[in-house]
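Taking it in order: structure first as structure tokens, then the write-up.
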Amino acid sequence: MIARATAGVTRRGLVLLAILLAAALIAPFFASDYLLTVLILILYFAYTGQAWNIMMGFAGQLSLGHALYVGLGAYVAAALYVHFGIGPWLGLLVAVPIAVATGAFIGFLAFRFRVGGVYFAILTIAFAEFARVGFDHLAWTRGSSGLFLPVAQYSHNDLWQLRGHPVMFYYILLAATVLAFIVCRSLLHSRIGYFWLAIREDEEAASAAGIDTFRYKMIAVVISSGMTAFAGVIYAFYYNNLFPEQVFNISRSIDIILAPLVGGIGTLFGPILGTVILEGLSEGLRTLLGILGIDVPGIKQVFFGIVLLLVVVALPEGVWPWLARRFRLTERKQ
Amino acid sequence: MPVDIYLNVAVGGILTGLVYGLMALGLSVIFGVVRVVNFAHGEMMTIAMYIAVTLFSAFHLDPLVMLVPIAAVLFVLGYALQAGLINRFVTRPEHSQFLLLVAIAIIITNALLILFGPDSQNVQASYAYDSFQIGPLIVDATKLYAGLTAVAVTAGLFAFFRFTPLGTAIRACADNYTGAMVVGLDVKRLYALTFALGTACVGAAGCMLLLIFDVTPTVGPAYTLLAFVIVITGGLGSMPGALIGGILIGLTEALAGLLFTPSAKSMFAFAILVLVLLFRPQGIMGKRAA
């Protein structure tokens with residue numbers, strides 16, 4: 001069982017993984033409040049990046065509108081809480097199916113009508129933008145003036161209502177990230193995973209080989225949108241405020257996909273490594289500019305853009321495949 | 001509401017749509033030939049808009065007069081980008097190209113933020129409040145000038161691709177990459193020229209749009225999206241399609257703003273996009289299996 005679960009990873013890689021997990025488990029005891037918010041952000045993007053990676057990295061369907069699923073999860077759960085006092089874990093049972101249904105609807109339309117490649121990407125943007133403008137005018141969720149949750153009391157952690165200290169959100173997201181990793185790994189090494197890779201590499205060949213490409217692309221969309229919606233629910237209860245302009249913005253969709261793209265698309269460690277690199281870079285630049293006494297809005301993002309550019313020019317496959325080869329962390333290319 | 005209000009708004013929408021069409025034409029030309037989706041298209045337009053705003057506030061130069069030099073600056077920028085950076089991405093997968101252009105877009109937006117600050121800026125031309133009475137119609141002077149200039153630039157571009165040897169060579173690259181290489185065309189240079197033409201288009205469109213709308217550093221993505229919507233509606237890679245798509249979207253936005261609320265206007269543009277993608281994925285003017 002254990003041998004099978006760890007197949008393909010070298011001993012060096014396993015030791016590193018164990019150290020990493022242990023560090024993640026004890027980190028909140030040593031982190032300052034600020035560092036904790038950064039760590040929460042890292043876990044959030046590691047998780048959502050993993051969810052997005054199922055669609056693009058595994059099944060080869062480029063979604064540029066994943067903010068839609070985050071937003072639906074966040075808005076449905078928050079609105080149920082605000083209007084009817086329904087807690088997040090019950091709200092989840094409504095929010096995730098709604099996001100999944102939306103994802104399935106988009107997938108059904110796109111795959112039935114053979115909308116692929118760039119066209120599919122732009123279709124996903126269109127639906128996310130449609131939702132952004134729509135929620136701006138939806139009175140039930142307070143439109144563009146924003147939906148607010150009663151602010152959390154940090155005195156005690158109520159896990160059932162998700163009211164409490166950021167540390168609680170840290171552990172929830174850590175559990176979600178680990179779980180998503182395990183799910184993705186088992187999916188990738190299952191029948192479905194191999195079918196996905198076949199579709200990603202050459203859809204026509206996969207179809208000719210008897211794979212029901214429509215069905216397996218739909219499975220990818222359904223799993224990916226459902227996982228992403230869960231992150232949305234956590235987002236709503238962590239930040240306590242939702243604005244359509246922010247939640248559904250195309251920049252949020254791009255934020256989600258940067259980590260897996262930088263880390264290595266289609267790899268399991270790519271989304272995690274990518275988000276650590278990007279957040280580390282972002283915070284490093286912030287600290288450096290602070291030390292230098294440079295306080296110009298936008299300068300951090302310019303450097304961020306330049307580094308991103310250099311990474312994509314130098315490492316087209318992403319950082320993880322290069323790192324794994326260089327330090328022999330995996331036995332074969334995943 | 002009386003009919004002439006609808007008519008006035010519709011004409012205004014069509015004139016704005018002509019400028020949108022020119023902006024989208026840039027994207028369409030780049031995709032049609034180089035096969036790269038320029039995800040930094042709107043950001044490149046904001047560069048042109050800020051050059052125009054600066055020239056206006058410093059020297060009172062009208063954006064329409066400065067259109068040619070500004071388009072030339074964008075041409076050089078586009079050429080340098082394609083020759084220096086994007087050419088090596090032509091054969092890479094879409095997501096890799098996407099990441100590259102997103103990085104470029106982030107750099108542009110924030111460099112403009114550093115240089116010009118977050119506040120919106122605009123140009124108050126001497127004719128900003130003029131209008132023409134044509135029969136029952138009242139047309140804003142700014143929109144009329146912008147629309148007519150867009151038509152002139154577009155006509156020039158059509159003529160270039162149709163009648164000049166260079167234009168024909170670029171079309172050859174788009175039709176058959178290998179064939180163009182075989183007959184001895186310098187495809188890399190032609191790609192750079194095409195990308196430069198595309199960015200020059202969007203630069204010219206930026207000068208015209210500045211007469212109608214304000215500019216902020218963060219307005220880029222909205223225009224990039226708008227250009228996508230137009231180009232796909234009209235047919236990705238089709239030049240007349242971009243123009244027709246532009247007019248259609250301009251008209252839709254104007255009428256939706258009048259009938260519902262201006263803030264919801266982009267919903268209608270996206271609804272059109274979804275319908276086109278589902279029922280005519282090649283676009284209104286597009287060829288099958290492009």
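All conditions but one from (1) touching a Lys or Arg at 6+ places or on another chain (Cβ under 6 Å); (2) buried (at least 20 other Cβ atoms within 10 Å of the Cβ); (3) not in a helix (DSSP H, G or I) apply to residue B:286; the one that does not is (1). Screening residue B:217 on (1) surrounded by fewer than 24 Cβ atoms within 10 Å (Cβ to Cβ); (2) at negative phi; (3) not polar (S, T, N, Q) shows it passes everything except condition (1). When residue B:127 is tested against (1) out of contact with any Asp or Glu (no Cβ under 7 Å at 6 or more places or on another chain); (2) more than 19 Å from residue B:34 (Cα to Cα); (3) within 11 Å of chain A (Cβ to nearest Cβ), exactly one condition is not met: (3).
Kindly establish whether residue A:105 is at pLDDT 85 or above and either out of contact with any helix residue (DSSP H, G or I) (no Cβ under 8 Å at 6 or more places or on another chain) or hydroxyl-bearing (Ser, Thr, Tyr) (or both). Yes: the conditions hold for residue A:105. Has segment A:111-127 got any residue that is surrounded by fewer than 20 Cβ atoms within 10 Å (Cβ to Cβ), closer than 18 Å to residue B:271 by Cβ and among the polar types (S, T, N, Q)? Among the residues of segment A:111-127, not one is surrounded by fewer than 20 Cβ atoms within 10 Å (Cβ to Cβ), closer than 18 Å to residue B:271 by Cβ and among the polar types (S, T, N, Q), which makes the answer no.
Number of residues in segment A:238-265 that are over 25 Å from residue B:40 (Cα atoms) and within 17 Å of the chain's Cα centre (by Cα): the value is 2. Please verify whether residue B:17 is surrounded by 19 or more Cβ atoms within 10 Å (Cβ to Cβ) and in contact with an Asp or Glu (Cβ under 9 Å, 6 or more places away or on another chain), treating the condition exactly as stated. Taking the combined requirement at face value, the residue satisfies it. Just checking, which of B:248, B:273 is modelled with pLDDT of 80 or more and more than 10 Å from every other protein chain (Cβ to nearest Cβ)? Only one candidate passes the filter, namely B:248. Across segment A:136-154, the number of residues qualifying as within 11 Å of chain B (Cβ to nearest Cβ) and either within 19 Å of the chain's Cα centre (by Cα) or in a helix (DSSP H, G or I) (or both) comes to 3.
Is it true that residue B:70 is more than 18 Å from the chain's Cα centre (by Cα), farther than 30 Å from residue A:259 by Cβ and away from chain A (no Cβ under 11 Å)? No.
The listed residues are B:280, B:189, and the only one of them that is over 18 Å from residue B:41 (Cα atoms), among the basic types (Lys, Arg), within 14 Å of chain A (Cβ to nearest Cβ) and surrounded by fewer than 20 Cβ atoms within 10 Å (Cβ to Cβ) turns out to be B:280. Residues that are away from chain A (no Cβ under 14 Å), in contact (Cβ under 8 Å) with a residue 60 or more places away in the chain, under 15 Å from the mean Cα position of the chain (by Cα) and surrounded by 15 or more Cβ atoms within 10 Å (Cβ to Cβ) occur in segment B:132-146; there is at least one.
Taking (1) more than 30 Å from residue A:298 (Cβ to Cβ); (2) more than 14 Å from chain A (Cβ to nearest Cβ) in turn, residue B:213 satisfies each apart from (1).
Just one of the listed residues (A:123, A:93) is over 19 Å from the mean Cα position of the chain (by Cα) and more than 14 Å from chain B (Cβ to nearest Cβ), and it is A:93.
Checking the condition part of a helix (DSSP H, G or I), of a type outside the set (Val, Ile, Thr) and touching a Gly at 6+ places or on another chain (Cβ under 9 Å), which residue from B:7, B:55, B:18 passes?
Sole residue among the options that is part of a helix (DSSP H, G or I), of a type outside the set (Val, Ile, Thr) and touching a Gly at 6+ places or on another chain (Cβ under 9 Å): B:18.
Just checking, does segment B:232-244 include any residue being surrounded by 22 or more Cβ atoms within 10 Å (Cβ to Cβ), modelled with pLDDT under 85 and polar (S, T, N, Q)? Yes, segment B:232-244 contains a residue that is surrounded by 22 or more Cβ atoms within 10 Å (Cβ to Cβ), modelled with pLDDT under 85 and polar (S, T, N, Q).
Applying the set (1) within 30 Å of residue B:116 (Cβ to Cβ); (2) more than 14 Å from chain B (Cβ to nearest Cβ); (3) among the hydrophobic types (A, V, I, L, M, F, W, C) to residue A:268 leaves exactly one unmet item: (1).
The set of residues in segment A:102-119 that are touching a Ser or Thr at 6+ places or on another chain (Cβ under 9 Å) and more than 9 Å from every other protein chain (Cβ to nearest Cβ) comprises A:102, A:103, A:104, A:106, A:107, A:111.
I'd like the residue in segment A:280-311 that is touching a residue at least 40 places away in the same chain (Cβ under 8 Å) and within 23 Å of residue B:88 (Cβ to Cβ) and, out of all such residues, is nearest to the other protein chains (Cβ to nearest Cβ).
A:308
May I ask you to verify whether residue B:250 is outside any helix (DSSP H, G or I) and farther than 25 Å from residue A:120 by Cβ? No, not satisfied.
In segment B:83-103, which residues are in contact (Cβ under 8 Å) with a residue 12 or more places away in the chain and at the interface with chain A (Cβ under 7 Å from one of its Cβ atoms)?
Taking segment B:83-103 first, the residues in contact (Cβ under 8 Å) with a residue 12 or more places away in the chain are B:83, B:85-87, B:89-90, B:94, B:97-98, B:100-102.
Result: B:94, B:100, B:102.
The set of residues in segment A:62-73 being farther than 22 Å from residue A:266 by Cα and under 14 Å from the mean Cα position of the chain (by Cα) consists of A:71, A:73. Could you check, for segment A:75-85, whether at least one of its residues is in contact with a Ser or Thr (Cβ under 9 Å, 6 or more places away or on another chain), away from every other protein chain (no Cβ under 11 Å), surrounded by 23 or more Cβ atoms within 10 Å (Cβ to Cβ) and among the aromatic types (Phe, Trp, Tyr)? For segment A:75-85, residues in contact with a Ser or Thr (Cβ under 9 Å, 6 or more places away or on another chain), away from every other protein chain (no Cβ under 11 Å), surrounded by 23 or more Cβ atoms within 10 Å (Cβ to Cβ) and among the aromatic types (Phe, Trp, Tyr): present.
The values are calculated or read from the model by the stated rules, or taken from the named source; none is laboratory data. No experiment lies behind these values; they were computed from the predicted model shown. A quick note on method: Cβ atoms are made from the backbone with ideal geometry, for glycine too, and the neighbour counts reach across all protein chains shown.
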